[in-house]
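The values are calculated or read from the model by the stated rules, or taken from the named source; none is laboratory data. Not measured: the values here are computed from a predicted model. Note: ideal-geometry Cβ built from the backbone for every residue, glycine included; neighbour counts use all protein chains shown.
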Amino acid sequence: MSLLRVRGLTAGYQHSQVLFGLDFDVEAGQVVTLLGRNGMGKSTTVKCLSGLLRPSGGTIELDGTALAGAPAYRIGRAGVGLVPEGRQVFPSLTVHENLVATASRRNAGSHPWTLERVFSLFPGLAERERQLGGKLSGGEQQMLAIGRALMTNPRLLILDEATEGLAPLVRTEIWKCLALLRAEGLAMIVIDKNLRPLLPLTDRHYILEKGRIAWQGDSAELSADSVAVERYLSV
């Protein structure tokens with residue numbers, strides 16, 4: 001059984017439908033991408049998966065537990081961790097307070113995520129433990145957002161626009177971090193516009209076009225399919 005199983009997912013806003021019957025899976029320990037140009041339904045999918053938007057149809061199951069339409073807190077407790085687009089750290093809380101605010105060991109195994117582990121992953125955050133989140137650089141805020149999600153000890157980590165607006169050196173650090181998490185067996189859904197660094201990291205890609213899955217395959221297949229890249233991803 002897949003860790004995450006999505007079938008027939010439909011969703012939208014008021015009278016505007018955005019998603020039209022999405023089907024996709026994430027296996028335990030697998031890294032999957034949702035790709036596509038802006039406005040194709042990626043962020044709407046993330047909102048449905050994390051409980052920020054109630055789907056109008058379809059099913060979402062995490063390890064067999066139905067989650068479609070469940071509130072965000074219940075989905076978080078089930079083991080879905082979200083690194084939202086725009087980072088959205090708590091600006092008036094310190095780095096330490098951001099990390100412990102929603103921390104949980106509910107789904108932790110034998111090696112849970114703790115402050116010490118997060119600071120080991122991102123040493124720069126340890127140096128700024130007492131600094132306010134709103135005073136951090138964009139890259140530091142992204143690291144803090146990832147650390148905050150890891151502190152919930154998720155079974156599935158979703159990163160919406162993982163490196164958007166970050167300097168190249170910071171992007172490289174984020175990719176290294178995700179590679180380490182993958183090596184530890186953490187299942188992830190990654191949304192990002194930087195395709196090249198995603199290829200060695202990812203097991204399977206789903207390309208969205210106008211709210212539908214237009215293409216799917218592994219990194220080798222995507223690398224070889226220049227027509228699909230040009231048609232669905234080129235600006």
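Worth a mention:
- Matching residues in segment 182-223 - criterion: being at positive phi and crowded, with 18+ Cβ neighbours inside 10 Å: G211
- Residues (surrounded by 23 or more Cβ atoms within 10 Å (Cβ to Cβ) and touching a Ser or Thr at 6+ places or on another chain (Cβ under 6 Å)) located in segment 81-106: G81, L82
- For segment 202-235, taking the residues that are of a type in the set (S, T, N, Q) and under 22 Å from Q30 (Cβ atoms), the one that is nearest to the chain's Cα centre (by Cα) is identified as T202.
- The residues of segment 214-223 that are part of a helix (DSSP H, G or I), in contact with a strand residue (DSSP E or B) (Cβ under 9 Å, 6 or more places away or on another chain) and not polar (S, T, N, Q), listed by number, are E221, L222.
- The residues of segment 113-152 that are of a type in the set (S, T, Y) and surrounded by 20 or more Cβ atoms within 10 Å (Cβ to Cβ) amount to a single one, T152.
- A count restricted to segment 154-200 and to residues that are within 29 Å of R74 (Cβ to Cβ), under 14 Å from the mean Cα position of the chain (by Cα) and outside any helix (DSSP H, G or I) stands at 17.
- Here is the figure for segment 192-218: residues that are of a type in the set (S, T, N, Q) and touching a residue at least 60 places away in the same chain (Cβ under 8 Å) total 2.
- The condition of being of a type in the set (G, A, S), closer than 20 Å to T202 by Cβ and either modelled with pLDDT of 95 or more or surrounded by fewer than 16 Cβ atoms within 10 Å (Cβ to Cβ) (or both) holds for only one of A179, A167, A162, that being A179.
- Among all residues of segment 136-152, there is at least one that is farther than 26 Å from R77 by Cα and in contact (Cβ under 8 Å) with a residue 40 or more places away in the chain.
- Of the criteria (1) part of a helix (DSSP H, G or I); (2) touching a residue at least 24 places away in the same chain (Cβ under 8 Å), which one S92 fails: (1)
- Of the residues in segment 44-53, at least one is more than 23 Å from N107 (Cα to Cα), surrounded by 15 or more Cβ atoms within 10 Å (Cβ to Cβ), at pLDDT 95 or above and touching a helix residue (DSSP H, G or I) at 6+ places or on another chain (Cβ under 8 Å).
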